Amino acid sequence: MKPYNYIKQITIHILLGIVLFSFKPISTFFLLGIVAYFSYKIFTAKKNEQSLQILIACSYIVGAEVLIRMTGGSLLYEASKYLVIIFCLIGFFKTGLNLKSIPFILYFLLIIPGIFVAGFSVGENTELRKAIAFNLSGPVCLGIVAMFCYQLKIRYADIHKIFNAIALPLISTTTYLFLYAPSIKEIVTGTGSNFAASGGFGPNQVATVLGLGMFVLTVRFFMNSNSIFLKGVNLILLALLSYRGIVTFSRGGIVAAVIMIVAFLFYYFNKSTYKNKTRISQLLFVFISIGLFVWVFSSIQTSGFIDKRYANQDGKGREKKDITTGRKQLVSFEFNTFFENPILGVGVGKIKELRLEKEGVYAASHNELSRILAEHGLFGIFAFLILLITPLVYRIKNKKNIFFYSFYFFWFLTINHSSMRIAAPAFIYGLCLLNIKYEPKRIKHKN
């Protein structure tokens, strides 16, 4: 992409963040505009470009999901997941179903019994349709994306188009956050997750998508910045996203981002030529320096509370007994429920209702592993094993995806601290399964 076009896109999305902050009702039109624009791009694209356009459309939706939710633009709360599903289904219609994706067809079959179990044990105060839609929208989204992406061939240059589509709406999100809470010092009074610093929305979800943006901009800085100017632009954007992600005080998304970045840099460095390793080492020094600066700045702005948060301390510097902030008990309850109902589980969406009955607490653990075991039983174990193992088996056969481990770690870590409340882990999981093609460099012959 030419620098001018990239700067133009960044500028547009900064302005979009300002507009959404100033007039939130326009968020619904933003969502409808996304649907209309990408539908047009998909249906007018050449046959060999349609799959890429679908991936770009899904990428943009993933990047924009939290912004649309926090500004009240979602016509349905799970609208983003539904749109990702619909676009992938369009892909099946346009390009055909990949018959090699049998593992994920089996995955779908394994989660069906949980629906019937829930139907037979529905409570008086439970609306079954909503409970199933809410709890299965994420798993279904993941399965559909995985089937669409499995062994899908795309060019190396195209993966950067996908990254760009994720990053742009996150620039709008960051702009919105700075406008919503420009002074972090005034709103931080402890070490708990901070809703004010997260645009009034869930800190966990905000940190998760900003963490994904941190990874994408890191990749752009090291691999897709052909000039000092572009490197500077991407580094500034990375610093801003990182700062706003850190000050949400939600650790899961930031830790996942750091692990993604480390996995990418480790693999990228080891597979590079000696000349490129020297370049990477030089950039790495700048990268780490900026990272340290962002952390120190965050510490100053939060009066040291962020240091205590990551050291698992309370506001007075006392070590907390539970690093999971109460989720350990919730996960433990779900594992115990699995042991009590090991074959079929308790049914889709029933675990929160059961916890309320037994412990008087209506809460979710946000851990997809314990949830799928409790609600789906033995079928859930096999379904999760399919998700866990299939990408690794494919990786043995095809090692061309340089971002594989970053994508895989993001999915696994995110579903264990944020479940599948947003579409990001489902879509990024699908990217593990892509077959990336590297075009040989053209050699210019002298006349």
* At a Förster distance of 25 Å, what's the computed FRET efficiency of Ile343 paired with Lys100, Cβ-Cβ distance as r, to 0.05? -> 0.25
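If Asp307, Asp158, Asp314 are ordered by their accessible area, calculated over protein heavy atoms with a 1.4 Å probe, which sequence runs from highest to lowest?
Working: Asp307 60, Asp158 10, Asp314 35 Å².
Order by accessible area, largest first: Asp307, Asp314, Asp158.
Relative contact order for the chain: what is it in percent, counting Cα pairs under 8 Å that are at least 6 residues apart? List each step's numbers first, then the result.
Values: 627 pairs, mean separation 101.3, N = 447.
So the answer I get is 23 percent.
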* Under 5 Å, built H, 5+ apart or other chain: amide partners of Arg155 -> Lys437
* Quick one: how many lysine pairs in the stretch 11-170 have C-alpha atoms under 23 angstrom apart, if they're 8 or more apart or on different chains? -> 19
* With every protein chain present, what accessible area does Arg421 have (1.4 Å probe, heavy atoms only), rounded to the nearest 10 Å²? -> 60
* Taking only Cα atoms and a 10 Å spring cutoff, compute GNM fluctuations for the chain and point out the largest among Gly202, Gly377, Gly232. => Gly232
* Structure fact -> Highest mean packing first, using Cβ neighbours within 10 angstrom, the peptides 37-47, 242-252 sort as 242-252, 37-47
* Mean projected area (nm²) of the alpha-carbon convex hull when the chain is viewed from all directions -> 23.6
* Asked: How big is the C-alpha Rg of the stretch 337-441 next to the rule-of-thumb value 2.2 N^0.38 Å, as a ratio?
  -> 1.31
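First measure r as the distance between the Cβ atoms of Lys24 and Phe134, then evaluate 1/(1 + (r/R0)^6) with R0 = 35 Å and state the FRET efficiency to the nearest 0.05.
After rounding, the FRET efficiency stands at 0.90.
What is the calculated FRET efficiency for Tyr77 to Tyr274, with r their C-beta to C-beta distance and R₀ = 41 Å, to the nearest 0.05? Walk me through the numbers before you get to the answer.
Working: r = 51 Å, r/R0 = 1.25.
So, using R0 = 41 Å, E works out to roughly 0.20.
State the three equivalent ellipsoid semi-axes of the stretch 219-355, derived from the C-alpha gyration tensor as the square roots of 5 times its eigenvalues, in descending order and whole Å.
Numbers: eigenvalues 301, 103, 33 Å².
Working through the eigenvalues yields semi-axes of 39, 23, 13 Å.
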* Compute the separation of the alpha-carbon centres of the stretch 195-228 and the stretch 282-297 and state it in Å as a whole number. => 15
* To do: Once you've got the GNM for the chain with C-alpha springs shorter than 10 Å, pick whichever of Lys316, Lys400, Lys185 has the biggest mean-square fluctuation.
  => Lys316
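Heavy atoms only, probe 1.4 Å: what % of the accessible area of the stretch 1-45 goes to carbon and sulfur, would you let me know?
On the way: 2110 of 2850 Å².
C and S fraction of accessible area: 74 percent.
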* Exposed-site-free run, longest, the chain (rule: GluC sites (Glu not before Pro); DSSP loop; at most 15 other C-beta within 10 Å) -> 187-447
* Restricting things to alpha carbons, tell me how big the stretch 290-384 is in terms of Rg and Dmax, in Å. => 18.4, 52
* Provide the gained length on full extension for the span Glu439 to Tyr4, in nm with one decimal, where the gain is 0.36 nm per separating residue minus the Cα-Cα distance. => 154.1 nm
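Extension gain Glu357-Phe108, at 0.36 nm per residue separation less the Cα-Cα distance, in nm? Write out the running numbers ahead of the final one.
Details: separation 249, 0.36 × 249 = 89.64 nm, distance 2.94 nm.
That pair, Glu357 and Phe108, stretches by 86.7 nm at full extension.
Kyte-Doolittle mean at least 1.0 and Cα extent at least 15 Å along the axis: which DSSP H helices of the chain qualify?
Values: long enough: 3-22 (29 Å, 1.04); 26-44 (27 Å, 1.49); 50-70 (31 Å, 1.31); 79-95 (24 Å, 1.59); 128-149 (31 Å, 1.44); 156-180 (37 Å, 0.87); 203-223 (29 Å, 1.28); 228-246 (26 Å, 1.59); 251-270 (29 Å, 1.71); 274-301 (40 Å, 0.85); 327-340 (20 Å, -0.34); 368-397 (33 Å, 1.23); 404-415 (17 Å, 1.44).
TM-like helix candidates: 3-22, 26-44, 50-70, 79-95, 128-149, 203-223, 228-246, 251-270, 368-397, 404-415.
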* **Pair Phe266, Gln151: separation of 7 Å Cα→Cβ label points (nm)** => 2.9
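What size of dipole, in debye to the nearest 20, comes out for the chain about its Cα centre when the only charges are +1 on Lys and Arg C-beta atoms and -1 on Asp and Glu C-beta atoms?
Values: 47 positive and 19 negative charges, 442 e Å.
For this selection, approximately 2120 debye.
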* Asked: Given the options Gly143, Gly200, Gly211, which has the most mean-square fluctuation in a GNM of the chain, springs set between C-alpha atoms less than 10 angstrom apart?
  -> Gly200
* Mind checking which of Phe221, Ser250, Tyr268 is farthest towards the positive end of the stretch 191-318's charge dipole, using Cβ charges of +1 (Lys, Arg) and -1 (Asp, Glu) about the Cα centre? => Tyr268
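The values are calculated or read from the model by the stated rules, or taken from the named source; none is laboratory data. Since the model is a prediction, treat every value here as computed from it, not as a measurement. With ideal geometry, Cβ positions are generated from the backbone for all residues, glycine too; neighbour counts draw on all protein chains shown. To get the accessible areas, we keep the full protein, side chains included, count just its heavy atoms, and leave off ligands, DNA and RNA. Shrake-Rupley method; radii C 1.70, N 1.55, O 1.52, S 1.80 Å.
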